[in-house]
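Undergrad: Got a structure for you, written out below as structure tokens; questions coming shortly.
The values are calculated or read from the model by the stated rules, or taken from the named source; none is laboratory data. Fair warning: this is a prediction, and the values are worked out from it, not measured in the lab. Backbone-built Cβ (ideal geometry, glycine too); neighbour counts: all protein chains shown.
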Amino acid sequence: MFFLSAILISFLISFILTPLVRNFFISRSWVEDPAKKQRLTHNATALKPVPRGGGIPVFISLIFTCLLFLSPFDQHLLGIFLASFLALVIGVIDDIRDISPKLRLFFNFLSAVIVVISGIGIAFISNPFGGVIDLSFPRLNFDLFGPRSFWLAADILAIFWIVWCQNIVGWAAGVEGQLPGFVVISSVFIGLLGLKYSADIAQWPVIILAGAVAGSYLGFLPYNFFPQSIMPGYSGKSLAGFFLAVLSILSGAKLATLILLLGIPMIDAVFVIFRRLRSRRSLLVSDANHLHHQLLKIGWSRRQIAVFYWAVTFFLGALSLFLNSTQKLYAFIGLFFLFLGFTLKAFRRI
């Protein structure tokens, strides 16, 4: 009941706020001019400049919903929302005037560090071959406003996991509706997995947060689907990756679940990184080698690409409800080889 209520409330707020943010950005001429950035697939067929700034309605709706259901916030939630607010501010600045990719990456790490300082880390991960891998040692103990402990492996993994998700989710936002669609589906399935353990009261904040994330991006989706009137921008993209990463940690270190849910963006990111390293290009400079670019080149429409990403995410999400860690690993390996074959075939047709 609370899960559905969180989805509905955040959806309504986001749905109402998104056109207001869009119109405000347009009134200030904070728009993406297709004539200046033809390489961006978002605007290649746009009839007029389109604003970014999608992270603003998403963040407001998400925060309001969590205030309604989870107030007062504990230390962990305060850390999460402080870090997400920082990600939003940097994202909006980038949406208005592009900033350096290195500076964006720095603030990605800073946001992740804030989450870790609040006490959130990956203390263990499921071993796909049985049991768990304990990451709670080694520990670095120190005194800062009282005794503190830094779990080296757990906290470092959490930092890099959050930064990785912020970037690979952002990379999978090449066509209209692509990103908000698979973020909604991923969040819903994380919430459903949490409901399987709803007897544990510690899962309810995760379930409600998952519902708030799903509803926020669902309310944004109608305005972003082709033909879009607003883009997620860096603010919407980085927040999506941030919250999905945090949800996967809070739900009991279900990293394998999120890796499976984001199987296509994850594998696509690995292939893109490999190509950039092979051609000795910067990993931070965008290019037209992502899967959605290849699908556009072989004749897929923007709607088809977005729905393809949604369908694959939904299928993998349904699988995740029934698979254990070992089976998720096998499913991901199978998906990897399917992706490899599909990509090689697509490149031959270009």
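Undergrad: Would you confirm whether any residue within segment 269-285 is aromatic (Phe, Trp, Tyr) and in contact with an Asp or Glu (Cβ under 7 Å, 6 or more places away or on another chain)?
TA: No, segment 269-285 has no match at all.
Undergrad: Of all the residues that make up segment 157-171, how many are buried (at least 24 other Cβ atoms within 10 Å of the Cβ) and farther than 14 Å from LEU239 by Cβ?
TA: 1
Undergrad: So the check is Cβ under 9 Å with 6+ separation or different chains; which pairs have a first residue in segment 215-234 that's more than 20 Å from SER301 (Cα to Cα) and a second one that's of a type in the set (D, E, K, R) and surrounded by fewer than 24 Cβ atoms within 10 Å (Cβ to Cβ)?
TA: These pairs meet every condition: GLY233/GLU32; GLY233/ASP94; TYR234/ASP94; TYR234/ASP98; TYR234/ARG104.
Undergrad: Working carefully through the options PHE189, PHE182, find the one that is of a type in the set (Phe, Trp, Tyr), over 17 Å from ALA256 (Cβ atoms), in contact (Cβ under 8 Å) with a residue 40 or more places away in the chain and surrounded by 22 or more Cβ atoms within 10 Å (Cβ to Cβ).
TA: Numbers: PHE189 fails: over 17 Å from ALA256 (Cβ atoms).
Being of a type in the set (Phe, Trp, Tyr), over 17 Å from ALA256 (Cβ atoms), in contact (Cβ under 8 Å) with a residue 40 or more places away in the chain and surrounded by 22 or more Cβ atoms within 10 Å (Cβ to Cβ) holds for just one of PHE189, PHE182, which is PHE182.
Undergrad: So in segment 8-31, with the set limited to residues that are of a type outside the set (A, V, I, L, M, F, W, C) and crowded, with 20+ Cβ neighbours inside 10 Å, which one is farthest from the chain's Cα centre (by Cα)?
TA: The extreme case among them is ARG22.
Undergrad: Given (1) loosely packed, with under 14 Cβ neighbours inside 10 Å; (2) in contact with a helix residue (DSSP H, G or I) (Cβ under 7 Å, 6 or more places away or on another chain); (3) polar (S, T, N, Q), where does ASN108 come up short, assuming only one miss?
TA: Every listed condition holds for ASN108 apart from (1).
Undergrad: Could you count how many residues in segment 80-100 are of a type in the set (Asp, Glu) and at pLDDT 95 or above? Reasoning before the result, please.
TA: If we filter segment 80-100 for residues that are of a type in the set (Asp, Glu), which is where we start, we get 94-95, 98.
Then drop every residue that is not at pLDDT 95 or above, which leaves 94-95.
Here the count works out to 2.
Undergrad: Any idea which of ALA112, ALA172, ALA123 is on the phi < 0 side of the Ramachandran plot, among the hydrophobic types (A, V, I, L, M, F, W, C) and over 20 Å from the mean Cα position of the chain (by Cα)? Steps first, answer last, please.
TA: Working: ALA112 fails: over 20 Å from the mean Cα position of the chain (by Cα); ALA172 fails: over 20 Å from the mean Cα position of the chain (by Cα).
It is ALA123.
Undergrad: OK, next. Of everything in segment 194-210, what is surrounded by 22 or more Cβ atoms within 10 Å (Cβ to Cβ) and more than 14 Å from the chain's Cα centre (by Cα)? Give them in sequence order.
TA: The answer is GLY194, VAL206, ILE207, ILE208.
Undergrad: Is it the case that segment 52-64 has a residue that's over 19 Å from LYS237 (Cα atoms) and either modelled with pLDDT of 75 or more or hydrophobic (A, V, I, L, M, F, W, C) (or both)?
TA: yes
Undergrad: Another one. I'd like the residue in segment 259-301 that is in a loop (DSSP other than H, G, I, E, B), surrounded by fewer than 14 Cβ atoms within 10 Å (Cβ to Cβ) and not hydrophobic (A, V, I, L, M, F, W, C) and, out of all such residues, is modelled with the highest pLDDT.
TA: For segment 259-301, the residue satisfying everything is SER301.
Undergrad: Pull up segment 117-128, narrow it to residues that are touching a Gly at 6+ places or on another chain (Cβ under 8 Å) and of a type in the set (Val, Ile, Thr), then point me to the one that is surrounded by the fewest Cβ atoms within 10 Å (Cβ to Cβ).
TA: So the residue we want is ILE117.
Undergrad: If the requirement is being surrounded by fewer than 13 Cβ atoms within 10 Å (Cβ to Cβ), more than 30 Å from ILE16 (Cβ to Cβ) and at pLDDT 95 or above, which of these qualifies: LEU144, LEU103?
TA: The unique qualifying residue is LEU103.
Undergrad: Working only within segment 195-214, note down all residues that are part of a helix (DSSP H, G or I), within 15 Å of LYS254 (Cβ to Cβ) and free of Cβ contacts under 8 Å to residues at least 60 places away in the same chain.
TA: Answer for segment 195-214, where residues must be part of a helix (DSSP H, G or I), within 15 Å of LYS254 (Cβ to Cβ) and free of Cβ contacts under 8 Å to residues at least 60 places away in the same chain: ALA202, GLN203, VAL206.
Undergrad: Still on this structure, please answer the following. Among the listed residues THR313, THR343, THR326, identify the single one that is touching a residue at least 60 places away in the same chain (Cβ under 8 Å), within 18 Å of SER248 (Cα to Cα) and surrounded by fewer than 18 Cβ atoms within 10 Å (Cβ to Cβ).
TA: THR326
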